[in-house]
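The values are calculated or read from the model by the stated rules, or taken from the named source; none is laboratory data. Note that this is a predicted model, so its numbers are computed, not measured. No Cβ is skipped: glycine too gets one built from the backbone with ideal geometry, and neighbour counts run over all protein chains shown. When the accessible area is computed, the model is the full protein with side chains, heavy atoms only, and any ligands, DNA or RNA have been set aside. Shrake-Rupley method; radii C 1.70, N 1.55, O 1.52, S 1.80 Å.
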Amino acid sequence: MTGHDRPDAGRVLLDGSLGEGGGHVLRSALSLSLITGRPFQLTGLHEHPEPAGLRPQHLAYVRAAEALCGGTSEGAVGGTELAFTPGPVRAGDYLLEAGASGSTPRLFQCLVYPLALAGGGRLTLRGATHLRGGPSFHALVGAWLPVARAYGLPVQLTLTHAGFLPEGAGEFTAEVGAPVEPPELVELPARGVLREVRVMSFVGGLPFAVAERQSRAAVAALRERGILAEADNRPLPVTRSQGSATFVLAQFEHTVAGFTSLGERGLDAEGVGREAAEALTRFMETGGALDEHLAEQLLLPAALLASGRLGAVTPGTTRFTAARVTSELTVQAEVLRRFLPVHIQVEPGGSVEVRPA
């Protein structure tokens, strides 16, 4: 059910200073505006950095949202304010550009829920598929996808070309189905016993030995902590860009956790492998069921469940524990409260509850 089937009244007012200069708030607001049909006004966009206004990758999110719904925006170029008015989201196939430095996984997470609620379709997204500061394509597949399917959102992801900075030039497709029967209650108070750890090491346009060095270092770092892991080294198809990545996926009794490290200047292959492994070991030192990134990403489908947009279910409540309460988690919770009739409680210790208001 889209917002144009059951409109919520009123323009939502948001301040970009809630997040890291507005990018996180913008992505969440665009997604929720498409879902609910509510326009929004966002102020304080990157007021301090020079130049002010939206970055090219953020402008790409706005243009992609407009493409899905025929909506309009004002002030998107060069200003510190943005007004966005959505139209009805149209099911169908879309080819969208995130830009060379734009994150295709983040663009995907902005658009997938509105498209699914509109009936589904295909997203073909071009830009960077692996970059620091956001989810990688493999994190989407390994960690986000099981969560989405648990909430009744059928999605299939296929990587065409990997894209690393600075060239980008990656592409992946997402087959998005309409929601199926949602859960009535999601309870994830603990992750449970560790069942399996996989180290996936990738190279695109680089010698395969780099992938082998990365995985050996990751497996060795995990073994030092008493964690056994299997390694899988693979080449990635690329066009103009080149790079490497290590993705460590841990399967627990009740949850999954995924950690990505990317090759960059000044970090050797062994350092890339160790970085991803050490992220997992730090997570396991916490008591959270979900790592901090997946916890933040879970809030939106949890809010859709609680607001009845995935279907009429009772109690429609989600409870989980996060490894750490981050600013991204609290910002996402605040933006969701502005758009949807949900109650979100975040405790300092990491306990989170999302339920109908």
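Residues to consider are LEU30, LEU34, LEU42, LEU13; find the one that is under 14 Å from VAL331 (Cβ atoms), at pLDDT 75 or above and either assigned to a strand (DSSP E or B) or of a type in the set (A, V, I, L, M) (or both).
Result of the check over LEU30, LEU34, LEU42, LEU13: LEU42.
Which count do you get for residues in the range 305-329 that are more than 19 Å from PRO189 (Cα to Cα) and either open to solvent by 70 Å² or more (accessible area, probe 1.4 Å) or of a type in the set (Gly, Ala, Ser) (or both)?
7
Against the condition within 24 Å of LEU42 (Cα to Cα), modelled with pLDDT of 95 or more and touching a Phe, Trp or Tyr at 6+ places or on another chain (Cβ under 8 Å), how does LEU304 come out, does it pass?
Judged against the criteria, LEU304 is a match.
Listed residues ALA250, ALA257, ALA269, ALA277; which is more than 30 Å from PRO189 (Cβ to Cβ), surrounded by 21 or more Cβ atoms within 10 Å (Cβ to Cβ) and touching a strand residue (DSSP E or B) at 6+ places or on another chain (Cβ under 8 Å)?
ALA269
Looking only at residues that are assigned to a helix (DSSP H, G or I) and β-branched (Val, Ile, Thr) in the range 209-243, which one is surrounded by the most Cβ atoms within 10 Å (Cβ to Cβ)?
That would be VAL219.
Just the residues that are without any contact (Cβ under 8 Å) to a residue 60 or more places away in the chain and within 19 Å of the chain's Cα centre (by Cα), please, taken from the range 294-319.
ALA295, GLU296, LEU299, ALA303 - these are the residues of the range 294-319 that are without any contact (Cβ under 8 Å) to a residue 60 or more places away in the chain and within 19 Å of the chain's Cα centre (by Cα).
Here is a check on your reading of the model: is ARG191 within 30 Å of PRO154 (Cβ to Cβ) and in a strand (DSSP E or B)?
So ARG191 fails the test.
Given the criteria touching a residue at least 12 places away in the same chain (Cβ under 8 Å) and surrounded by 23 or more Cβ atoms within 10 Å (Cβ to Cβ), does GLN332 qualify?
Yes: the conditions hold for GLN332.
Cβ-Cβ below 9 Å, separation at least six or inter-chain, first residue in the range 230-259 and among the acidic types (Asp, Glu), second surrounded by 19 or more Cβ atoms within 10 Å (Cβ to Cβ): which pairs?
Correct list of pairs: GLU230/VAL197; GLU230/VAL199; GLU230/VAL219; ASP232/VAL199; ASP232/MET200; ASP232/SER201; ASP232/SER215; GLU253/ARG191.
For the range 153-170, does any single residue satisfy the condition of being touching a strand residue (DSSP E or B) at 6+ places or on another chain (Cβ under 7 Å), surrounded by 23 or more Cβ atoms within 10 Å (Cβ to Cβ) and under 23 Å from PHE252 (Cβ atoms)?
no
So which residues in the range 129-184 are small (Gly, Ala, Ser) and either without any contact (Cβ under 8 Å) to a residue 60 or more places away in the chain or closer than 22 Å to VAL313 by Cα (or both)?
Residues satisfying the conditions are GLY133, GLY134, ALA148, ALA150, GLY152, GLY177, ALA178.
Out of the range 98-122, which residues are surrounded by fewer than 24 Cβ atoms within 10 Å (Cβ to Cβ) and of a type in the set (Gly, Ala, Ser)?
GLY99, ALA100, SER101, ALA118, GLY119, GLY120, GLY121 - these are the residues of the range 98-122 that are surrounded by fewer than 24 Cβ atoms within 10 Å (Cβ to Cβ) and of a type in the set (Gly, Ala, Ser).
Go through the range 122-154 and count every residue that is touching a Lys or Arg at 6+ places or on another chain (Cβ under 8 Å) and among the small types (Gly, Ala, Ser).
Residues that pass the stated criteria total 1.
Would you call GLU74 acidic (Asp, Glu) and at pLDDT below 95?
yes
What number of residues in the range 280-298 are assigned to a loop (DSSP other than H, G, I, E, B) and surrounded by fewer than 23 Cβ atoms within 10 Å (Cβ to Cβ)?
Qualifying residue count for the region: 3.
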